[in-house]
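J.: I have a structure here, written as structure tokens, and I will follow up with some questions on it.
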Protein chains: 2
Amino acid sequence: MRYSQMLIPTLKEVPAEAEVISHRLLLRAGCIRKLTAGIYTYMPYGLAAIRRVETIVREEMNRAGAQELLMPMVQPADLWQESGRHEKYGPELLRFRDRHDRESCLGPTHEEVITDIARREFHSYRDLPVNLYQIQTKFRDEIRPRFGLMRGREFIMKDAYSFDVSDKAAEESYRKMYDAYNRIFTRCGLEFRCVEADSGAIGGSFSHEFMVLAATGEDTIAVCNDCSWAANLEKAAIRPTGTQTEVAGDRVPAMERAETPGQRTVKTVCEFLGIAPQQLLKTMVYIADGVPVAVLLRGDRTLEEVKLKNHLGAKDIRLAEDQEVYDATGAPVGYLGPVGLKIRLLADQEVMGLGPVVVGANEKNAHLRNVVPGRDFQTDEVLDLRQICESDPCPACGGTLRLVEGIEVGHIFKLGTAYSEAMNARFQDQEGNDLPLVMGCYGIGVSRVVAAAIEQNHDDAGIIFPVPLAPFQVVILNLGIKDEAITAMAERLYAELGAAGIDAFLDDRDERPGSKFKDADLLGFPYRITVGKRFAESGLIEVRRRRDGFTEEVEAVAVVDMLRARLDEDVSKD
Amino acid sequence: MRYSQMLIPTLKEVPAEAEVISHRLLLRAGCIRKLTAGIYTYMPYGLAAIRRVETIVREEMNRAGAQELLMPMVQPADLWQESGRHEKYGPELLRFRDRHDRESCLGPTHEEVITDIARREFHSYRDLPVNLYQIQTKFRDEIRPRFGLMRGREFIMKDAYSFDVSDKAAEESYRKMYDAYNRIFTRCGLEFRCVEADSGAIGGSFSHEFMVLAATGEDTIAVCNDCSWAANLEKAAIRPTGTQTEVAGDRVPAMERAETPGQRTVKTVCEFLGIAPQQLLKTMVYIADGVPVAVLLRGDRTLEEVKLKNHLGAKDIRLAEDQEVYDATGAPVGYLGPVGLKIRLLADQEVMGLGPVVVGANEKNAHLRNVVPGRDFQTDEVLDLRQICESDPCPACGGTLRLVEGIEVGHIFKLGTAYSEAMNARFQDQEGNDLPLVMGCYGIGVSRVVAAAIEQNHDDAGIIFPVPLAPFQVVILNLGIKDEAITAMAERLYAELGAAGIDAFLDDRDERPGSKFKDADLLGFPYRITVGKRFAESGLIEVRRRRDGFTEEVEAVAVVDMLRARLDEDVSKD
């Protein structure tokens, strides 16, 4: 492709609305243009990167035995009523009435449509297993769309749905997708991790998220430095600290009251009493579906609300207001403690091994010292409630952890029979039993992969496309449009690279060298070939790798072979 | 692909709702499944055919210098208000409000979005010409969706938009698309014609339709048997019959009254008076935007209402009710005539050369004989008003015409500056003048092409896919799943064809031969290879062409070369 033939409207200014780097670079590199909130046109260069992702996804899905189809974007509401999601889904589901006043919606996902197909087409165990996928434009009416392609309202998604005869067979289908996803993101040239995830609104029984690691992301994940373990913070189970010996209560003096006038936070109480936050327990009250419940954590720990919510099986939890705390416990916020507390109390597992500790006295301006858990108070339940942190050992191998930002690009769910039961999608097994289909569903945010790739691969000058996702692998800069020899050589290299099956982009514009260099960096071509003064003087061509600036000068005849070798290295490394 | 690995849910019964052959066959061959009125899932086999069309379209659009992008399906209503189409478009435009109560719509076409991009990105003649296209799912809320993929509500379309500096440059862009469309439909292996068309709601200044010829269609077109001329009936200009000498009024007796009691139709009047319909003029009254106007045609001709409407520049025309006719002319329907008529009278061009003729007397139960046009009555205008018919000479070469059914699969429009003026999309020309962009738009109904291909290519047994659109070019029937030698040979041929780059489909199901033959015919594979009894007995393989049943028996080693040769013949013929 020639620059003169392709519309790539690069921008010098960073649009003010773009908060994250991928959004800024996608706009600056002319990859996308905003139509309205959360809705973008994929311009030719951006679309080319998306197509690279689509091709890899399609190849690996086909290789895993999945079959491509294409379902409608407009769906009748009655299917969503059957599954029960019409009520549950919330305002992200865009609903409308057509000209015949039939209630319809724009599909944010296709469990209902595919289950409707399944119940009509699959009748026997002989029809199974089946895995059907599509690559399609989806719509979710996000309340606050942002970050460009990271959280848009309209986006391209690959969604797949598997149907099996049994839980065991469904796990095999799940495993195939797990493997396919690992291959897909590896082939995309991305650094990623797979983590166990909370299943969220789709309501499955088990799920994994594939996260691209980046400096910024919407989720923090814990990653082991020593093994392949990784987890979402919300899901990261913490090893019970079983080795710690229980404090012998009889060797600790009886608990005593300490005046702490006006000291209401962990920080100020510790400073006031001259103790470390590890020596204090904090007590917090949550309202879970309207009912107050107290939680107890070491002073320096963070509650993982999802763990609490899941344990309680609550639909909704929130920190109690001051008045609610007082109404429930009779104690003011800032001085809450487990001793004599009258509401349900859940303690984080590490709490019971601590002591002596300081806790609130359940009255204003006072705490208690020398409190020994188990001796001075009991709890209703002890469980894993806190967020994992970098000082925790790896739950899998005991190694060291680090917390990194992750961008969710894939999500696989073991759905079980939730949809097939609700929508009556059943089959006959080998013994003639009538059973519900066992389902799985598997998503990849295709357009989001491009954004995530840029979040992970960029520098101040612009995008650094991983070779497999680059619209073009090489850019050739003709720095002497009016110089016959330079132009002839640039054209010759362009033709030779094309003939060698390397996607080359020729900057044949009549622009100054500076602006050509800048655009080449911004657009993120993995390799840059410069045909300019140096060639005119010495016959040498400069080949530069975008990622690390590694530069070589070679004779013109050697360029194609050298690039071929470099690209092969890159892809095998990815 | 193996049949055992692909979901092709064929049906034996023809679904009652399917009125046209392509709809019936697409359902029966498991290509599509209905979700709701006018909305279908493209099942794997159907999607594969659609992808064939997409690939051809994409290659030819790129070859013509057009660039692919992808615009959103959800569009803000304010753009449609700017262009003026929000009011004009009617209820086919699906409108809704998003969660923030912003008026939006589902894009049935993308002139507004692309013009918005153009006005932001194109500022100078140096940015032009540009032609941008997308292949995308569109939605039109048809009041009566029908015929499966022929007139659905959700469908796949390729739409392209060109931007030029001048009318002349825009014509060159138009010509490139005209040529590309001819290549596309030729490469698809379809018999088609290009006709001048009425521009319709998009409101252009010039347009051509590409029609696939079939036994059934939504439009009748006139085609010359002797040259490449073809036209929509609505647009087919009829050669003025200028050679006919005018009737010498003085050699015809004066007109006289003829009693025609109760004779109100052309047929009965002619029988009653013993004349041919060619000797009678019929007078009809239309209401054009509320105003009555009379038209005069030879008795055996059909008025082409579009010609009348376009000539009058009317928004709406309809045949007048009996009472309206009486109110306007004082004459009863059935006895209307041009002599003494008091309202505006338009005569078809051939009328004035006729005579003597019979016309209505403008009073009940009476006609007039020996009426000579021009002598006995005058008209306000004489123009081309009637529908062309097979007895007319070709307007281009004078050859003979035939009327055939056409299915519109492509439409190209010269839009001019309608959108760029309305939306203020302007550029500076070489002299610094500020001018509106000159636009064209170019559509192909991608999913409809598959339906049209089937309407044109089928028989009682099923689909006959043209080679370029067939999901697989060859089916191999293994008729001895339990026979080792037969199965080994079927597998060997499958592998060899794959290695030779021929898309083969292996029917490896454990089904009876009869049902395999039936499915092979229904699914429309261009070639069928049978490995069965005959091979077991004599080592011969049967190769049969679906289109004409031409059958050859060859040694196994010769199969691949033979098929390669046959396929090459087919494609070069297409």
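J.: I'd like the residue in segment B:48-65 that is among the aliphatic types (A, V, I, L, M) and more than 10 Å from chain A (Cβ to nearest Cβ) and, out of all such residues, is farthest from B:M1 (Cα to Cα).
T.: Let us first name the residues in segment B:48-65 that are among the aliphatic types (A, V, I, L, M), namely B:48-50, B:53, B:56-57, B:61, B:64.
When the remaining residues are screened for being more than 10 Å from chain A (Cβ to nearest Cβ), the result is B:49, B:53, B:56-57, B:61, B:64.
Values: B:A49: 14, B:V53: 19, B:I56: 21, B:V57: 24, B:M61: 29, B:A64: 33 Å.
For segment B:48-65, the residue satisfying everything is B:A64.
J.: Separate question: Among (1) among the small types (G, A, S); (2) within 11 Å of another protein chain (Cβ to nearest Cβ); (3) in contact (Cβ under 8 Å) with a residue 40 or more places away in the chain, which single condition is B:A18 missing?
T.: Of (1) among the small types (G, A, S); (2) within 11 Å of another protein chain (Cβ to nearest Cβ); (3) in contact (Cβ under 8 Å) with a residue 40 or more places away in the chain, only one is false for B:A18: (2).
J.: Any residue in segment A:442-455 that is touching a Leu at 6+ places or on another chain (Cβ under 9 Å) and either surrounded by fewer than 17 Cβ atoms within 10 Å (Cβ to Cβ) or among the hydroxyl-bearing types (S, T, Y) (or both)?
T.: Within segment A:442-455, one or more residues are touching a Leu at 6+ places or on another chain (Cβ under 9 Å) and either surrounded by fewer than 17 Cβ atoms within 10 Å (Cβ to Cβ) or among the hydroxyl-bearing types (S, T, Y) (or both).
J.: Still on this model: Got a sec? Which of B:R547, B:R509, B:R566, B:R492 is without any contact (Cβ under 8 Å) to a residue 60 or more places away in the chain and open to solvent by 10 Å² or more (accessible area, probe 1.4 Å)?
T.: Details: B:R547 fails: without any contact (Cβ under 8 Å) to a residue 60 or more places away in the chain; B:R509 fails: without any contact (Cβ under 8 Å) to a residue 60 or more places away in the chain; B:R492 fails: without any contact (Cβ under 8 Å) to a residue 60 or more places away in the chain.
Answer to the selection: B:R566.
J.: Sort out which residues of segment A:523-574 are within 26 Å of A:I184 (Cβ to Cβ) and of a type in the set (F, W, Y), and write them in order of number.
T.: Narrowing segment A:523-574 to residues within 26 Å of A:I184 (Cβ to Cβ): A:523-527, A:545-548, A:563-574.
Hits for segment A:523-574 are A:F525, A:Y527.
J.: Would you tally the residues in segment B:123-173 being touching a strand residue (DSSP E or B) at 6+ places or on another chain (Cβ under 9 Å), touching a residue at least 12 places away in the same chain (Cβ under 8 Å) and among the basic types (K, R)?
T.: The total comes to 4.
J.: Just checking, which of A:L190, A:L79, A:L128, A:L93 is touching a helix residue (DSSP H, G or I) at 6+ places or on another chain (Cβ under 8 Å), more than 23 Å from B:Q136 (Cα to Cα) and facing chain B (nearest Cβ under 10 Å)?
T.: Working: A:L190 fails: facing chain B (nearest Cβ under 10 Å); A:L128 fails: facing chain B (nearest Cβ under 10 Å); A:L93 fails: more than 23 Å from B:Q136 (Cα to Cα).
A:L79 is the lone residue from the list that is touching a helix residue (DSSP H, G or I) at 6+ places or on another chain (Cβ under 8 Å), more than 23 Å from B:Q136 (Cα to Cα) and facing chain B (nearest Cβ under 10 Å).
J.: Check every one of the helices (runs of 4 or more DSSP H) wholly within segment A:1-117 and list those with 3 or more residues that are surrounded by fewer than 21 Cβ atoms within 10 Å (Cβ to Cβ) and among the charged types (D, E, K, R).
T.: Here the list reads A:44-63.
J.: Please go through segment A:393-438 and pick out each residue that is aliphatic (A, V, I, L, M) and out of contact with any strand residue (DSSP E or B) (no Cβ under 7 Å at 6 or more places or on another chain). Don't jump to the end; show me each part of the working.
T.: Start the filter on segment A:393-438 by keeping residues that are aliphatic (A, V, I, L, M), which leaves A:396, A:401, A:403-404, A:407, A:409, A:412, A:415, A:418, A:422-423, A:425, A:435, A:437-438.
Matches in segment A:393-438: A:A418, A:A422, A:M423.
J.: Hey, another quick one. Condition first: over 30 Å from B:D78 (Cα atoms) and modelled with pLDDT of 95 or more. Can you find one or more residues in segment B:419-430 that meet it? Reasoning before the result, please.
T.: At the first step, the residues of segment B:419-430 found to be over 30 Å from B:D78 (Cα atoms) are B:430.
Retained after the next criterion (residues that are modelled with pLDDT of 95 or more): B:430.
Within segment B:419-430, one or more residues are over 30 Å from B:D78 (Cα atoms) and modelled with pLDDT of 95 or more.
J.: For residues that are surrounded by fewer than 16 Cβ atoms within 10 Å (Cβ to Cβ) and more than 16 Å from A:L341 (Cβ to Cβ), tally how many sit in segment A:351-397.
T.: 7
J.: For segment A:138-160, which residues satisfy the criterion of being facing chain B (nearest Cβ under 9 Å) and open to solvent by 40 Å² or more (accessible area, probe 1.4 Å)?
T.: Of everything in segment A:138-160, just one residue is facing chain B (nearest Cβ under 9 Å) and open to solvent by 40 Å² or more (accessible area, probe 1.4 Å), namely A:I143.
J.: Still on this structure: Inspect segment B:455-466 for any residue being closer than 30 Å to B:I114 by Cβ and either of a type in the set (F, W, Y) or in contact (Cβ under 8 Å) with a residue 12 or more places away in the chain (or both) and give the result as yes or no.
T.: Our first condition is that a residue be closer than 30 Å to B:I114 by Cβ; within segment B:455-466, this holds for none.
No - not one qualifying residue is present in segment B:455-466.
J.: Assuming A:S515 fulfils every condition listed in (1) open to solvent by less than 40 Å² (accessible area, probe 1.4 Å); (2) free of Cβ contacts under 8 Å to residues at least 24 places away in the same chain; (3) touching a strand residue (DSSP E or B) at 6+ places or on another chain (Cβ under 7 Å) apart from one, which condition is it?
T.: Only one criterion is unmet by A:S515, namely (3).
J.: For segment A:115-122, state whether one or more residues are over 19 Å from B:T41 (Cα atoms) and more than 9 Å from every other protein chain (Cβ to nearest Cβ). Step through it out loud before you land on a result.
T.: Taking segment A:115-122 and keeping what is over 19 Å from B:T41 (Cα atoms), we get none.
The answer is no, given that none of the residues of segment A:115-122 is over 19 Å from B:T41 (Cα atoms) and more than 9 Å from every other protein chain (Cβ to nearest Cβ).
J.: Could you please find all residues in segment A:27-41 being within 22 Å of the chain's Cα centre (by Cα) and either among the small types (G, A, S) or farther than 18 Å from A:V14 by Cα (or both)?
T.: A:A37, A:G38, A:I39
J.: Kindly indicate the residue of segment A:156-191 that is of a type in the set (K, R) and part of a helix (DSSP H, G or I) and also nearest to A:Q456 (Cα to Cα) among those meeting that condition. Full working, then the answer.
T.: The initial filter retains those residues of segment A:156-191 that are of a type in the set (K, R), namely A:158, A:168, A:175-176, A:183, A:187.
Next, from what is left, pick out any that are part of a helix (DSSP H, G or I): A:168, A:175-176, A:183, A:187.
On the way: A:K168: 37, A:R175: 27, A:K176: 27, A:R183: 18, A:R187: 15 Å.
Taking the candidates together, the pick is A:R187.
J.: Between A:I541, A:I481, which is surrounded by 20 or more Cβ atoms within 10 Å (Cβ to Cβ) and more than 35 Å from the chain's Cα centre (by Cα)? It would help to see each step written out before you state the result.
T.: Details: A:I481 fails: surrounded by 20 or more Cβ atoms within 10 Å (Cβ to Cβ).
Only one candidate passes the filter, namely A:I541.
J.: Let me ask something additional. Look through segment B:257-301, keep the residues that are on the phi > 0 side of the Ramachandran plot and either free of Cβ contacts under 8 Å to residues at least 40 places away in the same chain or surrounded by 15 or more Cβ atoms within 10 Å (Cβ to Cβ) (or both), and return whichever of them is farthest from the chain's Cα centre (by Cα). Before the answer, list the steps.
T.: Initially, segment B:257-301 is screened for residues on the phi > 0 side of the Ramachandran plot, giving B:262, B:274, B:289-290.
Then keep just the ones that are either free of Cβ contacts under 8 Å to residues at least 40 places away in the same chain or surrounded by 15 or more Cβ atoms within 10 Å (Cβ to Cβ) (or both); that gives B:274, B:289-290.
Details: B:G274: 42, B:D289: 28, B:G290: 31 Å.
Top of the filtered list is B:G274.
The values are calculated or read from the model by the stated rules, or taken from the named source; none is laboratory data. As the structure is a prediction and not an experimental result, all values here were calculated from the model. We place every Cβ from the backbone using ideal geometry, glycine too, and count neighbours over all the protein chains shown. Surface accessibility is based on the protein's heavy atoms, side chains included, excluding ligands, DNA and RNA. Shrake-Rupley method; radii C 1.70, N 1.55, O 1.52, S 1.80 Å.
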